[in-house]
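Engineer: Take this structure first; my questions come after.
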Amino acid sequence: MTERVTVDVVMPARNEETTVAANVAAARACRFVREVIVVDDGSSDATAERASAAGAKVVRREAALGSKALALALGVVASDAEAILFVDADCTGLTPGHLDQVCQPFVAGRATMSIGFFDYGRFWNWVVLRCPPLSGERIVPRWVFEAVPTSKLDGYTIEVRLNEVICEARLRTSARIMDGAQHRTKRDKAGRREGMRQTWRMYKALVSLLVPLGDIRWRTYWFYLRGLTIER
Ligand SMILES: Nc1nc2c(ncn2[C@@H]2O[C@H](COP(=O)(O)OP(=O)(O)OP(=O)(O)O)[C@@H](O)[C@H]2O)c(=O)[nH]1
Ligand SMILES: [Mg+2]
């Protein structure tokens, strides 16, 4: 694969007026990116206006679609790029350089999926880099997203579904830490009590995917580790 592969960013954003513009700016300045598409369904703040002012194409729905996965699907449909770089709208400290680094292994053909993780400090970074990846910052060919059946487009489980497509096809993943990058958590956005409730619901949905509760097999993680390259 060469650098000429077309890459669009799909950025899901619901009530992210405080951070969306900075993330659109970082994504637009990534050297591999053609266009930034922000998907805003049901925001009650100025997310869409700020994203648009920062140079994004905004796909806006008045009513909430009800799920991050469905928002991403809407963004992918709005793009005809060969590859999609997913970037959450609530990142902090994200730079064009981070996104260049995430894209590099993909455009160079070293990995089919390339992921950037937030910077949690030396010890946790070591752990996070070897866990099943849940990060929203990742580039994949568009066929990988399209390979996820519509029936499996469900909330915060979309990253696990992308992992499943990659790992079950025994494809390679590259992972790296984005030094100094972080994000706003649900606790930051909704307050401690409501944020904890939402976080609990998210992790419950993720754990329910695993056999015997769900249909994700443990071997998928083994295939992930076998195809993983950690970039430094
Ligand atoms: N358009 C849209 N965006 C969403 C929706 N749900 C989540 N997002 C966006 O997806 C990104 C990640 O969502 P978060 O709720 O922060 O989830 P997270 O970062 O995985 O989890 P935390 O660790 O709790 O922050 C943010 O940019 C959200 O605005 C949705 O239903 N629609
Ligand atoms: Mg977040």
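Engineer: Across segment 55-76, what is the number of residues that are within 16 Å of ligand 2 (Cβ to nearest atom) and either out of contact with any Gly (no Cβ under 7 Å at 6 or more places or on another chain) or not in a helix (DSSP H, G or I) (or both)?
Structural biologist: Looking only at that region, the number is 3.
Engineer: Inside segment 1-59, can you point out the residues that are of a type in the set (Asp, Glu), over 19 Å from the mean Cα position of the chain (by Cα) and at pLDDT 95 or above?
Structural biologist: Once the filter is applied, which keeps residues that are of a type in the set (Asp, Glu), over 19 Å from the mean Cα position of the chain (by Cα) and at pLDDT 95 or above, segment 1-59 yields ASP45, GLU49.
Engineer: So GLY109 fits all but one of (1) surrounded by fewer than 20 Cβ atoms within 10 Å (Cβ to Cβ); (2) over 20 Å from PHE32 (Cβ atoms); (3) of a type outside the set (Lys, Arg); what number is the exception?
Structural biologist: (2)
Engineer: Taking segment 37-54 as the search range and keeping residues that are more than 16 Å from ligand 2 (Cβ to nearest atom) and touching a residue at least 40 places away in the same chain (Cβ under 8 Å), which one is surrounded by the fewest Cβ atoms within 10 Å (Cβ to Cβ)?
Structural biologist: Ranking the qualifying residues of segment 37-54, first place goes to ILE37.
Engineer: Six or more apart or on different chains, Cβ atoms under 9 Å: show the pairs whose first residue is in segment 218-232 and assigned to a helix (DSSP H, G or I) and whose second is at pLDDT 95 or above and acidic (Asp, Glu).
Structural biologist: ARG219/GLU168; THR220/GLU164; THR220/GLU168; PHE223/GLU168
Engineer: What is the number of the single condition among (1) among the hydrophobic types (A, V, I, L, M, F, W, C); (2) within 15 Å of the chain's Cα centre (by Cα); (3) crowded, with 23+ Cβ neighbours inside 10 Å that LEU74 does not meet?
Structural biologist: Here LEU74 meets the rest and fails (3).
Engineer: Right, something else. Which helices (runs of 4 or more DSSP H) does segment 134-194 wholly contain that include 1 or more residues that are out of contact with any Lys or Arg (no Cβ under 9 Å at 6 or more places or on another chain) and more than 11 Å from ligand 1 (Cβ to nearest atom)?
Structural biologist: Correct list: 142-146, 158-168.
Engineer: Kindly provide the set of residues from segment 206-225 that are within 13 Å of ligand 1 (Cβ to nearest atom) and more than 19 Å from ASP88 (Cα to Cα), ordered by number.
Structural biologist: Residues satisfying the conditions do not exist here.
Engineer: Sticking with this structure for a sec: With respect to ARG122, is the statement that it is of a type outside the set (A, V, I, L, M, F, W, C), closer than 28 Å to ARG170 by Cβ and away from ligand 1 (no atom under 13 Å from the Cβ) true?
Structural biologist: Answer is no for this residue.
Engineer: May I pose another question? Consider ALA27 against the criteria (1) farther than 14 Å from CYS91 by Cβ; (2) buried (at least 22 other Cβ atoms within 10 Å of the Cβ); (3) aliphatic (A, V, I, L, M): it satisfies all of them except one. Which criterion is unmet?
Structural biologist: The number of the failed condition is (1).
Engineer: Here's something else I'd like to know. Select from segment 78-106 the residues that are among the hydroxyl-bearing types (Ser, Thr, Tyr) and either more than 16 Å from ligand 1 (Cβ to nearest atom) or surrounded by fewer than 19 Cβ atoms within 10 Å (Cβ to Cβ) (or both) and list them in ascending order.
Structural biologist: Within segment 78-106, THR92, THR95 meet the criteria.
Engineer: Could you please give the count of residues in segment 77-97 that are within 16 Å of ligand 2 (Cβ to nearest atom) and outside any loop (DSSP other than H, G, I, E, B)?
Structural biologist: So the answer is 3.
Engineer: Hey, another quick one. Kindly list, by first and then second residue, each pair from a residue in segment 125-153 that is in contact (Cβ under 8 Å) with a residue 24 or more places away in the chain and closer than 22 Å to ASP8 by Cβ to a residue that is polar (S, T, N, Q) and in a strand (DSSP E or B), limited to pairs with Cβ atoms under 8 Å and residues at least 6 apart or on different chains.
Structural biologist: Note: pairs meeting the criteria are PRO133/THR173; ARG138/SER114; ILE139/SER114.
Engineer: Also: Contact list please: Cβ distance under 7 Å, first residue in segment 175-190 and within 19 Å of PRO96 (Cα to Cα), second residue among the small types (Gly, Ala, Ser) and near ligand 2 (Cβ under 8 Å from one of its atoms), pairs at least six apart or on different chains.
Structural biologist: Qualifying pairs under 7 Å: none.
Engineer: I need the full set of residues from segment 204-232 which are of a type in the set (Ser, Thr, Tyr) and out of contact with any helix residue (DSSP H, G or I) (no Cβ under 8 Å at 6 or more places or on another chain), in order please.
Structural biologist: Matches in segment 204-232: SER208 only.
The values are calculated or read from the model by the stated rules, or taken from the named source; none is laboratory data. Here the structure is a predicted model, which means the values were calculated and not measured. When we count neighbours, we look across all protein chains shown, and the Cβ atoms used for this are built from the backbone with ideal geometry, even at glycine.
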